[in-house]
Amino acid sequence: FALTPDYPDASARHYRFLLEGLADVDTALRQRNVKFVVRTGDPAEVALELAADASSVVMDRGYLRHQRAWRRALVDLYAGPVAEVEANVVVPVETASGKREYAARTIRPKINRQRADFLVELATTPLDKHSLQLSVAGIDVSDPDEVLAGLVVDRSVPPTDRHRGGNSAARAELRRFLGERMSTYDEHRNQPQTDDVSYLSMYLHYGHISPVYAAMAAQQAASGENLESFLEELIVRRELAHNYVWFEPDYDEFSALPEWARKTLAKHEDDERSHVYTRSELEQGETHDRYWNAAMAELRETGYMHNYMRMYWGKKILEWTNTPEYAYRTTLYLNNKHFLDGRDPNSYGNVGWIFGLHDRPWQEREVFGTVRYMSAGGLERKTDPDAYVKKVEDRTGVDLGSGKLL
């Protein structure tokens, strides 16, 4: 495994979570008599060096631009056979669809009619030969904080103790979800004052748990609307984002948004905003909106934000910045900087959704045009945002004030 200090947008928060996962991998592979080697450097160069005397190379799949470049460099320079294994999604992207899909409704039937073919348990293969005795040097990852201290990384976003990385932590989180929260998932997944969510997105991002494993565990533990709602998020919605970044070269650009969305936002670009904030004010949660400030505090302090608040959070950035293009760049910047599951296909899909991606035109209004709008009033009608604010204050220690919206 290659630790890459110049990994795009990664901070100490991201690296500590990743290293906790690598420590888990090291322990698990030792139990199977498999040598695990971690080094710093360019992924393709590290892989090529370690594969110099190997008969073949097996790698997992990568969907983002830099991940694809690393794998292509390895394939181009390695003389032996290279195999790529799909471990990121349930239904491989090109198997599900051969084009960029318009929305969840267009990809859903394509995925759902094939998902059972891929939700199969894999048996552990006994090893003919052990590799622990190989004399190959690497970094000792048993102490993630010690390794992190030696890396040159962005430390402006410190690690969070709210969520711990690794397969063992991921499986424990999944067990808690299935045993304690799955029974109310469909009813409560859009209720941010509750904790009835899976908390798996960060583990899926780092490969600390497989979506196949999570889906099969859910199928064994639940049924009906709760199960289907969970599989919709875990498979359909998540893999729609993978479809997007695979078939759209400019997935991180405003220009990749649907034409109707770009046109309507351009039409309303000069509309008067009720409030305009700088990126710094947004990052520090210094707005007039207590609910929004709570969402930003949850993100800034814990690396996570309830999914329903993510939508509200992003819509307000669009509403409170001076141009749609700047709003897009700001949302992506804050997303990738603070979220533990940031810098992910879902990041680009979710941020794009704020601006009309994978959505349809709605009633026209100021600033948004026909892009979907969300309001504090809607939040109050559909959820209990005051209870959410209290939850965030208790969890982060951040004083969000006693007043409601000004």
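In the range 223-341, counting only helices (runs of 4 or more DSSP H) that sit wholly within it, the ones holding 1 or more residues that are in contact with a His (Cβ under 9 Å, 6 or more places away or on another chain) span 238-247, 279-283, 290-302, 307-320, 324-338.
Within the range 204-221, if we keep just the residues that are free of Cβ contacts under 8 Å to residues at least 60 places away in the same chain and surrounded by 20 or more Cβ atoms within 10 Å (Cβ to Cβ), the residue that is nearest to Arg164 (Cα to Cα) turns out to be Ile209. Counting the residues of the range 113-151 that are open to solvent by less than 60 Å² (accessible area, probe 1.4 Å) and not in a loop (DSSP other than H, G, I, E, B) gives 4. Just so you know, in the range 312-332 the residues that are charged (D, E, K, R) and farther than 13 Å from Ala266 by Cβ include one that is farthest from the chain's Cα centre (by Cα), and it is Glu319.
For (1) closer than 15 Å to Ile317 by Cβ; (2) surrounded by fewer than 21 Cβ atoms within 10 Å (Cβ to Cβ); (3) without any contact (Cβ under 8 Å) to a residue 40 or more places away in the chain, each residue gets a yes or a no:
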position	(1), (2), (3)
Tyr244	no, no, no
Pro258	no, yes, no
Ala261	no, no, no
Ala266	no, yes, no
Thr287	yes, yes, yes
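Go through the range 357-396 residue by residue and tally those that are surrounded by fewer than 17 Cβ atoms within 10 Å (Cβ to Cβ), touching a residue at least 60 places away in the same chain (Cβ under 8 Å) and part of a loop (DSSP other than H, G, I, E, B). Adding up the residues that qualify gives 5. Restricted to the range 55-70, and to residues there that are over 16 Å from Arg238 (Cβ atoms) and either hydroxyl-bearing (Ser, Thr, Tyr) or assigned to a loop (DSSP other than H, G, I, E, B) (or both), the residue that is most open to solvent (accessible area, probe 1.4 Å) is Ser55. Residues in the range 38-50 that are modelled with pLDDT under 95 and in a loop (DSSP other than H, G, I, E, B): Gly41, Asp42.
With respect to the conditions (1) touching a residue at least 12 places away in the same chain (Cβ under 8 Å); (2) within 23 Å of Val153 (Cβ to Cβ); (3) part of a helix (DSSP H, G or I); (4) out of contact with any helix residue (DSSP H, G or I) (no Cβ under 6 Å at 6 or more places or on another chain), Arg30 lacks only one, and its number is (2).
Could you run through the range 152-167 and say how many residues are polar (S, T, N, Q) and open to solvent by less than 70 Å² (accessible area, probe 1.4 Å)? Qualifying residue count for the region: 2.
Residues of the range 82-112 that are assigned to a loop (DSSP other than H, G, I, E, B), open to solvent by less than 90 Å² (accessible area, probe 1.4 Å) and of a type in the set (Lys, Arg): Arg100 alone. Checking Ser347 against (1) within 18 Å of Val236 (Cα to Cα); (2) open to solvent by 10 Å² or more (accessible area, probe 1.4 Å); (3) of a type outside the set (Val, Ile, Thr), which test does it fail? Status for Ser347: all satisfied but (2). Across the range 318-333, the number of residues qualifying as over 14 Å from Ala376 (Cβ atoms) and either free of Cβ contacts under 8 Å to residues at least 60 places away in the same chain or open to solvent by less than 10 Å² (accessible area, probe 1.4 Å) (or both) comes to 11. The sole residue among Ala44, Ala73, Ala79 that is exposed (fewer than 13 other Cβ atoms within 10 Å of the Cβ), of a type outside the set (Ser, Thr, Tyr) and free of Cβ contacts under 8 Å to residues at least 60 places away in the same chain is Ala79.
The values are calculated or read from the model by the stated rules, or taken from the named source; none is laboratory data. A quick note: this is a predicted structure, and the numbers were derived from the prediction, not measured. Cβ coordinates were reconstructed from backbone atoms using ideal geometry, including for glycine residues, and neighbour counts include every protein chain displayed. All accessible areas refer to the heavy atoms of the entire protein, side chains included, with ligands and DNA or RNA removed. Shrake-Rupley method; radii C 1.70, N 1.55, O 1.52, S 1.80 Å.
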